[in-house]
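A.B. asks: Take this structure first; my questions come after.
The values are calculated or read from the model by the stated rules, or taken from the named source; none is laboratory data. Keep in mind the model is a prediction, meaning the values are calculated, not measured. Cβ coordinates were reconstructed from backbone atoms using ideal geometry, including for glycine residues, and neighbour counts include every protein chain displayed. Calculation scope for accessible area: heavy atoms of the full protein, side chains included, ligands and nucleic acids excluded. Shrake-Rupley method; radii C 1.70, N 1.55, O 1.52, S 1.80 Å.
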Amino acid sequence: MEYKPIRVIISGGGTGGHIFPAISIANKLKQLNPSTEILFVGAEGKMEMEKVPAEGYEIVGLPIVGFQRQLSMKHLMNNLTVPFRVLGSVHHAKKIVKDFGPDVVVGVGGYASAPLLWAATGMKVPAVIQEQNGFAGLTNKLLGNRVQRICVAYEGMEKFFPKEKIVMSGNPIREVLSRPATEEQKAEALSYFGLNPGKRHLFIVGGSLGSGTLNRAMQHWIQDGCPEGEDVEVIWQCGKYYKKDIDAFMEAHSQVEGIRHYDFIGRMDLAYAAADVVVSRSGASTVSELCAMGKATVFVPSPNVAEDHQTHNAMALVRKEAAMLVKDNEAIDELLPTAIALLHSPERREKLQKNAHAMALTQAAQVICDEIYKLV
């Protein structure tokens with residue numbers, strides 16, 4: 001296929017799960033042809049307005065907001081403004097499309113992508129959407145009939161989209177997380193975190209902001225005396241929101257050895273490489289990374305997401321014996337015992353690792369870019 005220079009708008013965001021795949025697609029487009037011009041469109045005030053420029057791309061913000069499900073006066077007032085902001089955003093999006101003149105537009109989910117793709121498809125610009133999760137988001141479901149291609153990461157997505165438009169691509173992930181760690185990389189990782197190669201290693205990760213549930217489960221286990229954990233060391237990303245409290249907790253339990261806690265870990269490749277078992281939420285990008293790296297994982301799906309999509313993501317692996325699952329409301333008592341038991345079961349770990357890696361789709365960005373070029 002000839003990768004000529006094209007003009008592309010990529011829209012969406014709100015969370016890292018939308019932003020990082022979008023950046024991966026943009027990076028691949030620029031790799032295929034450095035002369036390709038890319039404009040991002042996001043939501044004013046959201047994290048994409050910082051993350052995207054940091055990667056060297058231009059971004060324009062729309063005044064779009066989403067409906068708030070929680071009941072409060074503040075959220076009620078927000079919801080009353082939503083229809084007006086949507087109309088204003090569609091009008092603004094039409095001007096962006098007209099001024100930039102894209103050959104194709106790409107939506108990665110999140111409410112920021114709805115006005116842009118609605119406007120672009122109404123102006124007869126070809127469009128692709130990428131659905132990261134096993135349960136389609138509302139924005140992508142609304143756009144499914146208006147776009148030409150729908151790139152997905154899970155089987156069975158014809159429940160949400162026209163079957164003839166679906167392309168199984170997987171989720172674009174960072175290159176450094178696209179394959180299992182070598183023995184040399186594992187040795188580097190253990191040295192980086194100051195870990196003992198003779199022990200088993202558990203990585204607890206609740207996202208950049210942290211997870212209260214995973215943190216409370218760890219605290220409960222520590223207060224219990226770390227049962228069965230004599231030969232276990234832990235890397236614990238507690239999140240910047242919780243770091244102050246966890247610092248105080250660990251200071252009060254300074255007799256406990258072998259636990260390294262951090263608010264944020266920049267070298268996720270090394271954290272995964274060091275881990276014999278990972279405990280994690282089941283956001284789409286995280287699931288894809290763990291499959292690509294072939295990690296034995298215990299998922300704790302977040303209950304605070306639309307349509308319980310993290311449970312759908314995790315169950316896609318659990319059904320194929322590629323991961324384990326502990327429910328959020330059972331995690332305090334069940335999570336660490338489950339993870340520690342898995343650490344001490346090499347046969348079970350090996351099976352999960354093998355099955356998870358077999359589900360990895362590591363060429364997602366290339367597949368999506370090929371679909372973009374087919375439309376152009």
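A.B. asks: Any idea which of Ala331, Ala314 is in contact with a Leu (Cβ under 6 Å, 6 or more places away or on another chain) and at negative phi?
C.D. replies: Details: Ala331 fails: in contact with a Leu (Cβ under 6 Å, 6 or more places away or on another chain).
Matching residue, one of Ala331, Ala314: Ala314.
A.B. asks: Sticking with this structure for a sec: Looking only at the range 194-225, which residues are over 13 Å from Gly258 (Cα atoms), more than 23 Å from the chain's Cα centre (by Cα) and open to solvent by 30 Å² or more (accessible area, probe 1.4 Å)?
C.D. replies: Of everything in the range 194-225, those that are over 13 Å from Gly258 (Cα atoms), more than 23 Å from the chain's Cα centre (by Cα) and open to solvent by 30 Å² or more (accessible area, probe 1.4 Å) turn out to be Gln219, His220, Gln223, Asp224.
A.B. asks: Whether any residue in the range 120-140 is outside any loop (DSSP other than H, G, I, E, B), in contact with a His (Cβ under 9 Å, 6 or more places away or on another chain), small (Gly, Ala, Ser) and over 23 Å from Ile173 (Cα atoms) is what I want to check.
C.D. replies: Looking for residues that are outside any loop (DSSP other than H, G, I, E, B), in contact with a His (Cβ under 9 Å, 6 or more places away or on another chain), small (Gly, Ala, Ser) and over 23 Å from Ile173 (Cα atoms), one finds none in the range 120-140, hence no.
A.B. asks: Continuing with this model, one more query. Quick one: would you say Leu202 is within 24 Å of Ala316 (Cα to Cα) and of a type in the set (A, V, I, L, M, F, W, C)? Reasoning before the result, please.
C.D. replies: Values: within 24 Å of Ala316 (Cα to Cα): yes; of a type in the set (A, V, I, L, M, F, W, C): yes.
Yes: the conditions hold for Leu202.
A.B. asks: If I ask for residues that are crowded, with 21+ Cβ neighbours inside 10 Å and either in contact with a strand residue (DSSP E or B) (Cβ under 6 Å, 6 or more places away or on another chain) or farther than 19 Å from Leu214 by Cα (or both), which ones from the range 327-352 would you list?
C.D. replies: Matches in the range 327-352: Ala339, Leu342, Leu343, Leu352.
A.B. asks: Could you tell me which residue of the range 9-22 is farthest from Gly61 (Cα to Cα), considering only residues that are of a type in the set (A, V, I, L, M, F, W, C) and surrounded by 23 or more Cβ atoms within 10 Å (Cβ to Cβ)?
C.D. replies: Filtering the range 9-22 for residues of a type in the set (A, V, I, L, M, F, W, C) gives 9-10, 19-20, 22.
Filter once more, keeping what is surrounded by 23 or more Cβ atoms within 10 Å (Cβ to Cβ): 9-10, 19, 22.
On the way: Ile9: 13, Ile10: 12, Ile19: 14, Ala22: 15 Å.
Among those that are of a type in the set (A, V, I, L, M, F, W, C) and surrounded by 23 or more Cβ atoms within 10 Å (Cβ to Cβ), it is Ala22.
A.B. asks: Name the residue that is least open to solvent (accessible area, probe 1.4 Å), counting only residues in the range 23-44 that are of a type in the set (Ser, Thr, Tyr) and under 22 Å from Gly61 (Cα atoms). Break it down stepwise before answering.
C.D. replies: Quick first cut of the range 23-44, residues of a type in the set (Ser, Thr, Tyr) only: 24, 35-36.
Those left that are additionally under 22 Å from Gly61 (Cα atoms): 24, 36.
On the way: Ser24: 21, Thr36: 1 Å².
For the range 23-44, the residue satisfying everything is Thr36.
A.B. asks: Taking only the range 289-313 into account, find how many residues are closer than 18 Å to Thr15 by Cβ, of a type in the set (Val, Ile, Thr) and surrounded by 24 or more Cβ atoms within 10 Å (Cβ to Cβ).
C.D. replies: Filtering the range 289-313 for residues closer than 18 Å to Thr15 by Cβ gives 289-290, 299-313.
Now narrow it down to the ones that are of a type in the set (Val, Ile, Thr): 300, 305, 311.
With the extra rule that they be surrounded by 24 or more Cβ atoms within 10 Å (Cβ to Cβ), the set shrinks to 300.
So the answer is 1.
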